[in-house]
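Remarks on the structure that follows.
The values are calculated or read from the model by the stated rules, or taken from the named source; none is laboratory data. For clarity, every value in this text was computed on a predicted model and none was experimentally measured. Positions of Cβ are generated from backbone atoms using ideal geometry, with glycine treated the same way; all protein chains shown enter the neighbour counts.
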Amino acid sequence: MSIKDDAAKTNALIAYALMVAGLFTGILWIVGAVWAMVKKDEAKGTLFEDHYTNITNTFWWGLGIWIIGFITVFFVIGYFILLGVWVWSIYRVIKGLARITSNKAFNS
C-alpha cells in the first residue's frame, strides 16, 4: 500500500470510530460524517475511496430516515422506524469496519 492509501485508511477508520461512538452519543455521529466529507478528496484514487461514500451516504440516509421516524413517533410507527434506522446504521458501519480492516474496498 502507498502512503496515500495508508492515510486514506487511517482517516476512514477515524470516521468509522467516531460514528460508532456517535451511535450512542449523537454528536460524534455528525463529527465522523463531517470528518469523512472533509477527507474524501484526499482519498480519491485509493483502495478506500468508496468507504468515504459509504460513511456519508449512511449519515445522510440515516439522518433523513431518523427525521421521518421522529416525526411519526406520535403514531407509534416512528419507534419502529427509529429502531430500524439505528440497526441499519450499525450494520453499515460494522460492514465498513470489517472491509477496511481487511484492506478491502467497501463495495468489492
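Observations on the structure shown:
- Within the set ASN103, ASN11, ASN107, the sole residue that is in contact with an Asp or Glu (Cβ under 8 Å, 6 or more places away or on another chain) and exposed (fewer than 14 other Cβ atoms within 10 Å of the Cβ) turns out to be ASN107.
- Subset of segment 1-26 (residues that are assigned to a helix (DSSP H, G or I) and more than 13 Å from the chain's Cα centre (by Cα)): ILE3, LYS4, ASP5, ASP6, ALA7, ALA8, LYS9, THR10, PHE24, THR25
- The selection criterion, being in contact with a His (Cβ under 9 Å, 6 or more places away or on another chain), closer than 30 Å to SER2 by Cβ, assigned to a helix (DSSP H, G or I) and not aliphatic (A, V, I, L, M), does not hold for ARG92.
- Some residue of segment 40-49 being in a helix (DSSP H, G or I), among the basic types (Lys, Arg) and closer than 14 Å to ILE100 by Cβ: no
- When LYS104 is tested against (1) basic (Lys, Arg); (2) over 19 Å from TRP35 (Cβ atoms); (3) modelled with pLDDT of 95 or more, just one condition goes unmet, and that condition is (3).
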